[in-house]
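Undergrad: Would you mind keeping the following structure in view while I ask a few things?
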Amino acid sequence: MDILQSLAAGFAGALTPVNLLFAFAGVALGTAVGVLPGIGPLGAMSMLLSLTYGMPPDRALILFAAIYYGAQYGGSTTSILVNVPGETSSVITCLDGHKMAQQGRAGAALAVAAIGSFVAGTLSVVGLMLLAPPLANFALKFGPPEYFNLMLAGLLVLVFMSSGSKLKALLMVLLGLALATVGTDYLGIARYTFGIPKLFGGLDMVAVIMGMFGLVEMMNALARADATAPVKSVRMRELLPTRDEAKRSVGPIARGSVLGFLMGLLPGPVVTMSTFASYALEKRLSRHPERFGRGAIEGVAGPEAANNAAAGGAFLPLVALGVPFSGSTALILGALLLAGVTPGPNFIQEQPGLFWTAVASMYIGNVMLVILNLPLVGVFVSLLKAPPRLLIPLVLALCLIGAYAVNNSLFDVWVLIGAGLVGYLLSRYGFDLAPLVIARVLGTQMEIAFGTSLTLSSGDPMIFVTRPIAATIAAVVLAVAIWSLTAAWRARRRRPPAIPEP
Amino acid sequence: MDLRNRSPRRRALSLAIAAATVALPGSLVTPNAAAQGAFPAKPIEVIVPWAPGGSTDLAARALAAIVNDKKLLPQPMQVVNKPGGSAIIGSGEVANGSGDGHQILYTGTEPIVIQPLVKETPYKVESFTPVLQVVQTPLAFVVNADAPWKSMQELVAYARANPKKIRIANPGPQGWSEWQLRDLVRAEKLDTPIITFEAGGPAITAQLGGHTEALAATATALAPHVRGGKFRVLASMADDRLALAPGAPTLKELGFKTREFMITQCFFVPAKTSPAVVKTLHDAIKVAMETSEFREFAQKNNARIAYLSGPDTSAALKSSVANTRDILVEMGAKVR
């Protein structure tokens, strides 16, 4: 077998002591920045980018790839423990992960997230190895109208799957989209900046997320009467998933892996989108959808598998086309360029040694990550035992540093605080913040896709429904929307109108 | 083209030193230099107002690495990315900074020349003193390798006969590629939409996927795809032919009436910076530019080393502002 031979050669390259060290350094750093809110793989990689100048390219690629996929492991940790997403791709994990932690199941949630990440990470490397060229060419068929429909579908799904009032969820989506329009748009035109130069950069996504989740959660914790109540000790067996929890996680991890990998191939904020696509899918397939949002392990297992698989999938356009589809893969490309390699459409043929060493190193790195992360579960859970007077300032400090670190901007810290105050008021009045935050994340890219689509068609909106792939997505969205609405309508007719909705 | 044969000369030691440079910048301040008040007294921040990993960022990092490796300055140079707002934010921070030389700007000239003409910016061209001009990157006009148009004339003839059928991808708003494309389309009286993307990557992706018919971008960004057989270069948009595709004529040779716009990267400091500090920076960076390492970097990335002294860069900027103003007025745009 050709592939097996190449892979064996790749392992020979990846298993040299220096390359093992680089892979380990990468996954350890990736886990760390994944855990820390605000500071993500992008920040870590841009800090290290200068080091790759003149570095042997295999080391640069191993190190940067490991930081990138390693960060997807750590992102769920703070989501589960303190309701602060470590990365945008772990926002959805807050919904059920943190509920599980409140019910004393933090250990199980963390363990399932780590195992799901390992399975998905490994499966996505298999996909990368076997399917690179054909899938990359398929991904190119997605142009701006297709991305737009895909993101619109994502937002509609978000509204339909929200557990509370659909109208309130829709309002939050619209508010999130509105926040995304502040600042310089993609054509360089400033909007809602009121002449203040600081606003040209917009309301940073990371600052908004951490304000709406982290700060709001800390204010809630302070407001809770039991803020000083003693934390019950966590026994060892509570760290592991029960048999029932394990069984319920298998399907979501498998489906999340496939879904995440496929979405990871496309441009845009797909790693994040894959997590709520997976969440929505699991909620739809579940026999107990009412459990979601109240601590369903499926809601942790699926999205956490999906974001790892998507991160793996995102390598595919880079190695098969030489085009990075996201900020993170653009940095990996930058690292390779500084190391003296220029990946193009024939990267795998021109640099087989480099490609296969990287693939082998990804298998090794995923094993390292699961070995590194599982014992950390106990450590992280014991953090919850820290009294709130220590934990709350620590989380606040992490949020403040994280918001500053994204653009090295103090203004973003003010955005974080503002988002926290607004988010606290909204949550007090029963508004769900997740749709707002996700709309903010998707809004920028959606607007770009909308604008470029309409310039492509010289202003004809039919472009969103006449191209085959775009039309298919639109049809599926319409069908799901009609089905959901009629189902809700029928349910309402069957139920006697005794209790008005809260 | 096989770059892996280049023997890896870097030692683990240099990596460790570099890691320490990144991690512990403060520890490198020697008490001596700080006490004397000499320049530089602390690490020099090179602000790149663009996202990490782009061509401007990489050139800045390559230069900073050479300056640090060869100890051309007593303090290290560190690249810090401050992206956002079409590079206005990072540029503004430097313009309104202390001007002691410890914070300098490396960017293409777009935010300095174009932005103050079209919108409110926290600086003017005069807010900066150029330290030196470093590289220029020519633009190229490409179609997909399987497209029916073998020459620029064929494409223009088709575009003239079929309004709106040729869509040209443009990698970023209010940049030199957009002005040159608008200049070309206007001069030829074509009804040809210019599709502006948010950055080079998405424009190249759209062109590879056949969502647009043609693309104008830098030789740096296009090189891997031209060599990989995906794109055909129809013309060089610079005044001379490209090393990347010597067979492709220039727009001028073909008789198109268009001005040349090059992507031009320079170092800037605030206008109030003392001439002695500017000279120290200029001399160190100039030596770094002349090393074989930087020449190799530029060649691989299809950039042209285009040294100009500070005063010469200043003069070039002035004429660039005048030119851009003329074009904007011709296009009927509002000019500030």
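Undergrad: Of all residues in segment A:452-470, how many are open to solvent by less than 70 Å² (accessible area, probe 1.4 Å), of a type outside the set (D, E, K, R) and closer than 19 Å to residue B:166 by Cα?
TA: So the count comes out to 9.
Undergrad: Which number in (1) within 25 Å of the chain's Cα centre (by Cα); (2) away from chain B (no Cβ under 14 Å) marks the one condition that residue A:483 misses?
TA: Exception for residue A:483: condition (1).
Undergrad: Quickly run through segment A:315-349 and pick out the residues that are in contact with a Gly (Cβ under 6 Å, 6 or more places away or on another chain), aliphatic (A, V, I, L, M) and touching a residue at least 60 places away in the same chain (Cβ under 8 Å).
TA: Matches in segment A:315-349: A:331 only.
Undergrad: Within segment B:54-85, take every residue that is touching a strand residue (DSSP E or B) at 6+ places or on another chain (Cβ under 9 Å) and part of a loop (DSSP other than H, G, I, E, B) and give me the one that is modelled with the lowest pLDDT.
TA: Per the criteria, the residue is B:84.
Undergrad: Would you mind telling me which numbered condition in (1) within 12 Å of chain A (Cβ to nearest Cβ); (2) surrounded by 21 or more Cβ atoms within 10 Å (Cβ to Cβ) residue B:133 fails?
TA: Just one mismatch for residue B:133, condition (1).
Undergrad: Shifting gears a bit: Which residues, counting only those in segment A:338-350, are within 7 Å of chain B (Cβ to nearest Cβ) and not in a helix (DSSP H, G or I)?
TA: Result: A:340, A:341, A:342, A:343, A:344, A:345, A:346.
Undergrad: Just checking, does segment A:173-185 include any residue being modelled with pLDDT under 90 and open to solvent by 10 Å² or more (accessible area, probe 1.4 Å)?
TA: yes
Undergrad: Condition first: outside any helix (DSSP H, G or I), in contact (Cβ under 8 Å) with a residue 24 or more places away in the chain and either under 18 Å from residue A:313 (Cα atoms) or among the acidic types (Asp, Glu) (or both). Can you find one or more residues in segment A:77-92 that meet it? Before you say what the answer is, go through the steps one by one.
TA: Taking segment A:77-92 as the starting set, the residues that turn out to be outside any helix (DSSP H, G or I) are A:83-87.
Narrowing the set further to residues that are in contact (Cβ under 8 Å) with a residue 24 or more places away in the chain leaves A:83-87.
Those left that are additionally either under 18 Å from residue A:313 (Cα atoms) or among the acidic types (Asp, Glu) (or both): A:87.
Checked against the condition, which is being outside any helix (DSSP H, G or I), in contact (Cβ under 8 Å) with a residue 24 or more places away in the chain and either under 18 Å from residue A:313 (Cα atoms) or among the acidic types (Asp, Glu) (or both), segment A:77-92 yields at least one hit.
Undergrad: Next question, about the same structure. When residues of segment A:315-337 are filtered for being more than 10 Å from chain B (Cβ to nearest Cβ) and open to solvent by 10 Å² or more (accessible area, probe 1.4 Å), how many remain?
TA: Going through segment A:315-337 one residue at a time, the tally reaches 2.
To keep it simple, each residue is scored yes or no on (1) in a helix (DSSP H, G or I); (2) modelled with pLDDT under 95; (3) over 16 Å from residue A:166 (Cα atoms).
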| position | (1), (2), (3) |
| --- | --- |
| A:398 | yes, yes, yes |
| A:422 | yes, no, yes |
| A:434 | yes, yes, no |
| A:444 | yes, yes, yes |
| A:472 | yes, yes, yes |
| A:482 | yes, yes, no |
| A:485 | yes, yes, no |
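Undergrad: Among the candidates B:194, B:168, which residue alone is of a type in the set (Val, Ile, Thr), within 9 Å of chain A (Cβ to nearest Cβ) and within 29 Å of residue A:327 (Cα to Cα)?
TA: When all the criteria are applied, what remains is B:194.
Undergrad: Here's something else I'd like to know. With the requirement that a residue be open to solvent by less than 10 Å² (accessible area, probe 1.4 Å), farther than 20 Å from residue A:338 by Cβ and within 16 Å of the chain's Cα centre (by Cα), what does segment B:55-103 give you?
TA: B:87, B:88, B:90, B:91
Undergrad: Filter segment B:294-315 for residues that are small (Gly, Ala, Ser) and over 19 Å from residue B:130 (Cα atoms) and give the result. Give the steps one after another, and end with the answer.
TA: Step one: filter segment B:294-315 for residues small (Gly, Ala, Ser), giving B:298, B:303, B:306, B:309-310, B:314-315.
B:298, B:303, listed by residue number.
Undergrad: Which of the residues spanning segment A:433-456 are within 10 Å of chain B (Cβ to nearest Cβ) and either basic (Lys, Arg) or touching a Lys or Arg at 6+ places or on another chain (Cβ under 9 Å) (or both)?
TA: The answer is A:455, A:456.
Undergrad: Identify, please: which residue in segment B:201-223 is more than 13 Å from residue B:177 (Cβ to Cβ) and in contact with a Gly (Cβ under 7 Å, 6 or more places away or on another chain) and is, among those, most open to solvent (accessible area, probe 1.4 Å)?
TA: Looking at residues that are more than 13 Å from residue B:177 (Cβ to Cβ) and in contact with a Gly (Cβ under 7 Å, 6 or more places away or on another chain), I get B:209.
The values are calculated or read from the model by the stated rules, or taken from the named source; none is laboratory data. A quick note: this is a predicted structure, and the numbers were derived from the prediction, not measured. For neighbour counting, all protein chains shown are included, and Cβ atoms are generated from backbone atoms with ideal geometry for every residue, glycine included. With ligands, DNA and RNA removed, areas are computed over all heavy atoms of the protein, side chains included. Shrake-Rupley method; radii C 1.70, N 1.55, O 1.52, S 1.80 Å.
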